[in-house]
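Below you'll find the structure, written out as structure tokens, and then a few comments.
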Amino acid sequence: MSQRSVEIYDTTLRDGTQQEGISLTANDKLVVARLLDDLGVAYVEGGWPGANPKDDEFFERAKTELDLQHAVLTAFGSTRRKDARPEDDEQLAALLAAGTDVICLVGKTWDYHVEHALRTTPAEAVLMVADSIEYLRSQGRRVFFDAEHFFDGYRTNADFALAVLKSARDAGAERIVMCDTNGGVLAQDVQRIVGEVATALGDTALGCHFHNDSGMAVANSITAVLEGVHQVQGCVNGYGERTGNADLCTLIPNLGLKMGLETIPKERFERLTTVSHHIAEVINLTLDPHLPYVGNSAFTHKAGLHTSALARRPDAYEHMSPAQVGNHTRVVVSELAGRSTVLAKAEAQGFELTAAQAQGVVDKVKELEHLGYHFEAADGSFELLLREAQGWKHHFFELESYRVFVEHRAGEVLAEATVKVTVGDERIVTTREGDGPVSALDRALRAALIDAYPEVASIKLIDYRVRDLDSSDGSSARVRVLAEHSDGHDSWGTVGVHPNIIDASWKAVVEGIVLGLILTRGPDNGG
Ligand SMILES: [Zn+2]
């Protein structure tokens, strides 16, 4: 018996961009489409032609610039207007002009919407769907039908909702996609309704499209698949309006790795984490670390006892091997942790410590955490501790001094920093301005190093957080700075603590650049 397959239909570029804070240029969309193709989804919905100029530009450029190897590009749009002919309809014309082989057409299946939003009769609403599909078919296009508000519609008037689906099928729609547009349906209703629709529509290929307003989008999609649905629609990282769409990064491994269904090509599952993070980068939103499968914390362990057992028997503490989806086990260090955590984390980062070195790191972590350091979000600073425990010291540059001024003049605030360093035999003095003292220091240091280490140009400070630490032990108050750095490929966190916010920041900035240099040159190539 051949393996049952489920089509993955991605709508990140259309429904996903409805999320607050997401705005993609046509160029961004081309990049995301290529990443989705690389992941191996069956369909990439590119946008809504005619709805905005960016989507029109995307489809125009896609004709020559997008060479998808695996996925099929689709265009999304609504049916013809009421009481009009499809051949006169601007929306349908824009869909055809987009030039995709497949068009996903959305139409009303809830009588309440027909009455109050469309303000027409049920009979005309059915015709709007059927006429539009027939017309697009006559122009040589494949059509999928998105039945908007289907579950609400079915619950209030099943006869009308089913009549729309049947007319869409009879007009030539290849997929009948049941959409939970408001995201309120629960799995038991999905099971019942999809089961009834599957019986009513015979062997028509069904699809589903769930929103996450009840926290059920992935569970509902799986329930629908169990009831025979062939296509699931969703977004990478669960992006989408309000609480988002069904998260494909959770659904794909659930369906493919746990349920044994054919989804994306087998060898591509391990690309999932990279594609998820890369798309988050293009979208310019920090990825939620707690996302299943792909989040940075998805396979992160904390407690000391547990981590020593984890090193021996990972399958006792992880629901699957993270490598299957391209993620990895992380062990976080905290002052609760003993030597086994430090050893496990060192090993995970590729270090072999002697027992004495490990004890040295444990003592150092305890001492620093007492001062307010925190290594859970500062893998980079922890790596430097491990190297130092092995007797390593960086020779990329030597700091002589830094200073920074902040000037308020005529309503403007400007910061200026001067850094003096020695690189090899050369003493370098640079001054740079910035919006604030930390960015001025960061720029001045990178300017001082750029001749010797051109790659510092691509090392960026991508996140910077300051926290006041209260001085319960009677010592002076301190601040902790957590900084996240990236070279566009990898990212690493560093931490600095000091009574003075500038010096705490300086430490985090310097360590960020040292780690970036270790990445490009190896630990021993400096100076
Ligand atoms: Zn939607």
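The values are calculated or read from the model by the stated rules, or taken from the named source; none is laboratory data. The shown structure was predicted, so the numbers you read here are calculated from the model rather than taken from an experiment. Don't worry about glycine lacking a Cβ; one is built from the backbone with ideal geometry, like all the others, and counts go over all protein chains shown. Accessible surface areas use protein heavy atoms only, side chains included; no ligands, DNA or RNA. Shrake-Rupley method; radii C 1.70, N 1.55, O 1.52, S 1.80 Å.
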Notebook entry, point to check: Check G50: other-chain or 5+ apart residues with amide H under 5 Å from its amide H, H built from backbone geometry?
Noted result: D56
Margin query: I'd like to check one number: the per residue accessible area of segment 152-196, probe 1.4 Å, reported in Å² as a whole number.
Written below: 37 Å²
Item checked: Accessible area in square angstrom per residue, segment 400-452, 1.4 angstrom probe -> 60 Å²
Next item on the list: Find how many whole Å separate the alpha carbon centroid of segment 19-35 from the alpha carbon centroid of segment 226-287.
Entry: 16 Å
Next item on the list: About the Cα centre of segment 400-452, how large is the charge dipole given +1 on each Lys and Arg Cβ and -1 on each Asp and Glu Cβ? Please answer in debye to the nearest 20.
Entry: 80 debye
Next item on the list: Please determine, in degrees from 0 to 90 and to the nearest 10, the orientation of helix 26-39 with respect to the longest principal axis defined by the Cα atoms of the chain, where the helix direction is its Cα long axis.
Entry: 90 degrees
Next item on the list: Name the residues whose placed amide hydrogens come within less than 5 Å of the amide hydrogen of T300, ignoring near sequence neighbours (fewer than 5 apart) on the same chain.
Entry: R330
Margin query: Compute the helix-to-body angle for 122-138: its Cα long axis versus the longest principal axis of the chain, expressed 0 to 90° and rounded to tens.
Written below: 80 degrees
Next item on the list: State to the nearest 20 debye the size of the charge dipole of segment 7-283 about its Cα centre, where the only charges are +1 on K and R beta carbons and -1 on D and E beta carbons.
Entry: 220 debye
Check: Taking the Cα atoms only, what angle lies between the long axis of helix 53-65 and the longest principal axis of the chain, rounded to 10 degrees?
Finding: 90 degrees
Checklist line | Leading residue at positive end of dipole, the chain (Cβ point charges), from G21, V218, Y373 | finding: Y373
Notebook entry, point to check: Taking 0.36 nm per residue of separation and subtracting the Cα-Cα distance, what length does fully extending D490 through D83 add?
Noted result: 141.0 nm
Next item on the list: Calculate one ³J(HN,Hα) per residue across segment 107-115 by plugging θ = phi - 60° into the Karplus curve 6.51 cos²θ - 1.76 cosθ + 1.60, and present them in order as whole Hz with x for glycine and proline.
Entry: x, 7, 10, 10, 4, 4, 5, 4, 6
Next item on the list: Estimate the FRET efficiency between H70 and A198 by the formula 1/(1 + (r/R0)^6), using the beta-carbon distance for r and 22 Å for R0, to the nearest 0.05.
Entry: 0.20
Note to self: Past 18 Å, Cα to Cα: identify those pairs from K345/K366; K460/K507; K63/K266, in the order given.
What the structure shows: K63/K266
Check: How would you classify segment 7-283 from its alpha-carbon gyration tensor, with a ≥ b ≥ c the square roots of the eigenvalues: rounded for a/c under 1.5, else prolate if a/b is greater than b/c, otherwise oblate?
Finding: oblate
Next item on the list: Using +1 at the Cβ of each Lys and Arg and -1 at the Cβ of each Asp and Glu in the chain, identify which of F151, G496, T286 lies farthest towards the dipole's positive end.
Entry: G496
Check: Under a 5 Å amide H to amide H cut-off, with H placed in plane at 1.01 Å, what residues pair with V72 once short-range neighbours are removed?
Finding: Y43, V44
Next item on the list: With the full set of protein chains in place, find how many percent of the accessible area of the chain is carbon and sulfur; take the probe as 1.4 Å.
Entry: 48 percent
Next item on the list: Read phi for every residue in segment 147-154 and hand back ³J(HN,Hα) as whole Hz from Karplus 6.51 cos²θ - 1.76 cosθ + 1.60, θ = phi - 60°, with x for Gly and Pro.
Entry: 8, 5, 6, 5, 5, 5, x, 5
Next item on the list: Would you mind working out the accessible area per residue for segment 242-293, using a 1.4 Å probe, and quoting it in Å²?
Entry: 46 Å²
Notebook entry, point to check: Expressed as a rounded percentage, what relative contact order does segment 1-81 have, with Cα pairs under 8 Å and six or more residues apart?
Noted result: 34 percent
Item checked: Charge dipole (debye, nearest 20) of the chain; +1 at Cβ of Lys and Arg, -1 at Cβ of Asp and Glu -> 780 debye
